[in-house]
Amino acid sequence: MLDFSFEYQVDGFRLAPALTTERGVTALYGPSGAGKSLTLLCLVGLRRPRQGWIRLNGRTLFDATAGIHVPPHRRRVGLVFQEYALFPHLTVTGNLAYGLQGLSRTEARDRVGAMLRLLRLEAFGAHYPGELSGGQRQRVALGRGLIVQPDLLLLDEPFSALDQMERERLRAEVLELLPGFGGTTLLVTHSLQEAYLMAGRMAVIDGGRILQAGPRDEVLRHPRDRRVAEHVGASNIFRGVVLNQADVQGGIIRGTAAGESGAGGIVWHGERLAVSGTLPPPGTDVEFCIRPEDVRLVWPERVSERPNVIRGCLTSEVKRGVDYQLRFRAEGSIAQAGDIEIHCSEHLHYLMKLQPGNQLWIALPPDKLHVLARVEGAPD
Amino acid sequence: MDLFPILLSIRVATLSTILAGLFGIALAWLLARKRFPGWTLLEAVVVLPLILPPTVVGFYLLMLLGRSGPLGAILETAGLEIVFTWRAAVVAATVASLPLVVKAAQAAFEAVDPRLEAAARTLRPAASVFLTVTLPLAWRGILAGYILAFARGMGEFGITLMLAGSIPGRTQTLPLAIYDAVQVNDLAQANALAIITIAIVSLLLFVLGRLPRVRL
């Protein structure tokens, strides 16, 4: 288990991340300049934080108060860089064996041999990194980190230097290799897709702080506040006021079907929206969000069966490979909320004969509406 | 023909290359990899001998290392006499060639990807990383600096004259001997010494051009 909370200051940037994470892959996800790589450098011991502590599987790697700062090579932390950072003057074998200094010659040779087999590079032991393909280099870099059996593996944007096809192939390869490694992996990435694909857990970082961490779907579906929601692609963020429970008697937009019993509601530009899940006390001013792929397009004959149905028109569409990004403007007072972004499959787009200017109904499923906490320190 | 100036110059250039090499590597690494208060000042001071007239550098070294100079007095009580001995020629050549080593090695260190060192540091102690990753990747640039330093040591004239004088058989190096020969109109002697100098420097350039490249 990796557990840290520290503070590091450099050139006016204050890095103060705190995270507790378990075995398996955790994505450290955030935009450029969020402090991702600097966090890795602190974890690995190449930068010394001013305050705080870093613990790994019960070992203290750093503790400012106790004056503990374990040097990088004693931390049992592996580091794999973007573009791999292989030693160009050493062969594949030399690269893999680099961290095996304390072992006897035969033991080191056995380990290197086993790693070469695992990486499917038996024939390349005597090759130099310059003679390998991108995928082979990546495997060597991963092998060099894993061969010393670290407790923590840090992957610093390992795929961002590659083209799309190569990236997908290498992600698959890494996913294949990682389960054999029983430790904790921290994958630094600025790609939400990559975070989703590779990691079971996710930590969203921005401005030097971890904004939210937890199981991947929990973070994606239930972002804590507006900043996290924006980062994880829950791009429909609106404001409303929590409704009194007593008022929610089927009180749903446009007099459509009753909401689920026990559901609370939000008053949204004069309309009532059913929301499942717990809500703050009635009268509270709240922000809430829904992911674009969670907005439902409703067939006209099914309108009466659905809660939270809104009528409006499609203002624009962008085809993005296999799906469409649509923008929808509601009729009436909800138009003040701004456009609603919707992602829908190419198939559904075809079936509903969608095109900009079309009138249509959409539904915001009560269980997909998620109330956000107020951003700390934000103005009212 | 008197071989003394040739042997002295080779000795002086060898020793000054070793000294400038050791100090130069340390300074270059500091300048390439660390940021600290006084960094700019240090980088400027290091190149001073390259910019200032040799006589100026020689004059201040004389003030520093002479019998009444602050460092010279200490060294004299320790029984080490510098000024107007062959050691002064070594000091002169070291000071003159230090900037060449530092500049070449600094560029070489800066060309080493810091991520290679970072990856290496997670696997081995810092000293081992320096010896097994940083140096092997920078050695070609560093060696080029050494060869320039050796050539500078062979050719040093101004600082040497100020600090060591030109005492035949004691401190007269190859360039000083050539100058002396010309002064007394012994052109054959000057020519012979000049050709030997050219031969030695040419050999060095040849070696420099043949250094193997590191595969990247």
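The values are calculated or read from the model by the stated rules, or taken from the named source; none is laboratory data. Quick caveat, the model's predicted, so the values are computed rather than measured. FYI the Cβ positions are ideal-geometry reconstructions off the backbone, even for glycines, and counts take in every protein chain you see. When the accessible area is computed, the model is the full protein with side chains, heavy atoms only, and any ligands, DNA or RNA have been set aside. Shrake-Rupley method; radii C 1.70, N 1.55, O 1.52, S 1.80 Å.
Would you mind finding the one in A:55, A:14, A:48, A:23 that is under 22 Å from residue A:174 (Cβ atoms) and surrounded by fewer than 19 Cβ atoms within 10 Å (Cβ to Cβ)? Spell out how you get there, then give the answer.
Numbers: A:55 fails: under 22 Å from residue A:174 (Cβ atoms); A:14 fails: under 22 Å from residue A:174 (Cβ atoms); A:48 fails: under 22 Å from residue A:174 (Cβ atoms).
It is A:23.
Here are some residues: A:87, A:81. Which one is of a type in the set (Phe, Trp, Tyr), over 30 Å from residue A:230 (Cβ atoms) and either touching a helix residue (DSSP H, G or I) at 6+ places or on another chain (Cβ under 7 Å) or open to solvent by 50 Å² or more (accessible area, probe 1.4 Å) (or both)?
Values: A:81 fails: over 30 Å from residue A:230 (Cβ atoms).
Unique residue meeting the criteria: A:87.
Among the residues of the stretch A:269-292, what is the count of those that are touching a residue at least 40 places away in the same chain (Cβ under 8 Å), open to solvent by 70 Å² or more (accessible area, probe 1.4 Å) and assigned to a strand (DSSP E or B)?
Result for the stretch A:269-292: 1.
Please state which of the following conditions residue B:188 fails to meet, knowing it meets all the rest: (1) away from every other protein chain (no Cβ under 13 Å); (2) in contact with a Pro (Cβ under 7 Å, 6 or more places away or on another chain).
Going through the list (1) away from every other protein chain (no Cβ under 13 Å); (2) in contact with a Pro (Cβ under 7 Å, 6 or more places away or on another chain), residue B:188 breaks only (2).
Give just the number: which of (1) touching a Pro at 6+ places or on another chain (Cβ under 8 Å); (2) within 14 Å of chain A (Cβ to nearest Cβ) does residue B:193 not satisfy?
(2)
Which members of the stretch B:123-145 meet the condition of being in a loop (DSSP other than H, G, I, E, B) and either open to solvent by less than 10 Å² (accessible area, probe 1.4 Å) or among the aliphatic types (A, V, I, L, M) (or both)? Before the answer, list the steps.
Residues of the stretch B:123-145 in a loop (DSSP other than H, G, I, E, B): B:123-125.
Within the stretch B:123-145, just B:123 meets the criteria.
Out of the residues in the stretch A:358-380 meeting the condition of being farther than 27 Å from residue A:280 by Cβ and modelled with pLDDT of 90 or more, tell me which one is most open to solvent (accessible area, probe 1.4 Å).
The first filter runs over the stretch A:358-380 and keeps only residues farther than 27 Å from residue A:280 by Cβ, leaving A:358-361.
Filter again for modelled with pLDDT of 90 or more, leaving A:359-361.
Details: A:359: 100, A:360: 10, A:361: 66 Å².
Among residues in the stretch A:358-380 that are farther than 27 Å from residue A:280 by Cβ and modelled with pLDDT of 90 or more, the one most open to solvent (accessible area, probe 1.4 Å) is A:359.
Tell me the residue from B:30, B:65, B:19, B:50 that is more than 23 Å from residue B:151 (Cα to Cα), open to solvent by 40 Å² or more (accessible area, probe 1.4 Å), in contact with a helix residue (DSSP H, G or I) (Cβ under 9 Å, 6 or more places away or on another chain) and not acidic (Asp, Glu), please. Before the answer, list the steps.
Working: B:65 fails: open to solvent by 40 Å² or more (accessible area, probe 1.4 Å); B:19 fails: more than 23 Å from residue B:151 (Cα to Cα); B:50 fails: more than 23 Å from residue B:151 (Cα to Cα).
Selected residue: B:30, the only one of B:30, B:65, B:19, B:50 that is more than 23 Å from residue B:151 (Cα to Cα), open to solvent by 40 Å² or more (accessible area, probe 1.4 Å), in contact with a helix residue (DSSP H, G or I) (Cβ under 9 Å, 6 or more places away or on another chain) and not acidic (Asp, Glu).
For the stretch A:120-135, which residues satisfy the criterion of being touching a residue at least 40 places away in the same chain (Cβ under 8 Å) and within 32 Å of the chain's Cα centre (by Cα)? Steps first, answer last, please.
If we filter the stretch A:120-135 for residues that are touching a residue at least 40 places away in the same chain (Cβ under 8 Å), which is where we start, we get A:128-130, A:132.
Residues satisfying the conditions are A:129, A:132.
For every residue, the table says whether it meets (1) touching a His at 6+ places or on another chain (Cβ under 6 Å); (2) without any contact (Cβ under 8 Å) to a residue 60 or more places away in the chain; (3) closer than 23 Å to residue B:24 by Cα.
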{"position": "B:133", "(1), (2), (3)": "no, yes, yes"}
{"position": "B:141", "(1), (2), (3)": "no, yes, yes"}
{"position": "B:148", "(1), (2), (3)": "no, yes, yes"}
{"position": "B:160", "(1), (2), (3)": "no, no, yes"}
{"position": "B:167", "(1), (2), (3)": "no, no, no"}
{"position": "B:172", "(1), (2), (3)": "no, no, no"}
{"position": "B:179", "(1), (2), (3)": "no, yes, no"}
{"position": "B:184", "(1), (2), (3)": "no, yes, no"}
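In the stretch B:94-102, is there at least one residue being over 25 Å from residue B:163 (Cα atoms), in contact (Cβ under 8 Å) with a residue 60 or more places away in the chain, open to solvent by less than 30 Å² (accessible area, probe 1.4 Å) and assigned to a helix (DSSP H, G or I)? Outline the logic, then answer.
Here is the first cut: in the stretch B:94-102, the ones over 25 Å from residue B:163 (Cα atoms) are none.
Scanning the stretch B:94-102, I find no residue that is over 25 Å from residue B:163 (Cα atoms), in contact (Cβ under 8 Å) with a residue 60 or more places away in the chain, open to solvent by less than 30 Å² (accessible area, probe 1.4 Å) and assigned to a helix (DSSP H, G or I), so the answer is no.
Inspect all residues belonging to the stretch A:233-245 and state whether any of them is modelled with pLDDT under 85 and either open to solvent by 30 Å² or more (accessible area, probe 1.4 Å) or closer than 15 Å to residue A:360 by Cα (or both).
yes
Considering only the stretch A:289-307, state which residues are within 16 Å of residue A:237 (Cα to Cα) and touching a helix residue (DSSP H, G or I) at 6+ places or on another chain (Cβ under 9 Å).
Matches in the stretch A:289-307: A:289, A:291, A:294.
Hey, among the residues in the stretch A:293-334 that are of a type in the set (A, V, I, L, M) and free of Cβ contacts under 8 Å to residues at least 24 places away in the same chain, which one's farthest from residue A:274 (Cα to Cα)? Can you show your working first?
Going residue by residue through the stretch A:293-334, those that are of a type in the set (A, V, I, L, M) are A:295, A:297-298, A:303, A:309-310, A:314, A:318, A:322, A:326, A:330, A:334.
Among the residues that remain, those that are also free of Cβ contacts under 8 Å to residues at least 24 places away in the same chain are: A:318, A:330.
On the way: A:318: 30, A:330: 17 Å.
Among residues in the stretch A:293-334 that are of a type in the set (A, V, I, L, M) and free of Cβ contacts under 8 Å to residues at least 24 places away in the same chain, the one farthest from residue A:274 (Cα to Cα) is A:318.
When the residues of the stretch B:108-119 are narrowed to those that are free of Cβ contacts under 8 Å to residues at least 60 places away in the same chain and of a type in the set (A, V, I, L, M), which ends up farthest from the other protein chains (Cβ to nearest Cβ)?
B:111
Could you please let me know if residue A:39 is closer than 25 Å to residue A:160 by Cα, touching a residue at least 12 places away in the same chain (Cβ under 8 Å) and more than 9 Å from chain B (Cβ to nearest Cβ)?
Details: closer than 25 Å to residue A:160 by Cα: yes; touching a residue at least 12 places away in the same chain (Cβ under 8 Å): yes; more than 9 Å from chain B (Cβ to nearest Cβ): yes.
Answer is yes for this residue.
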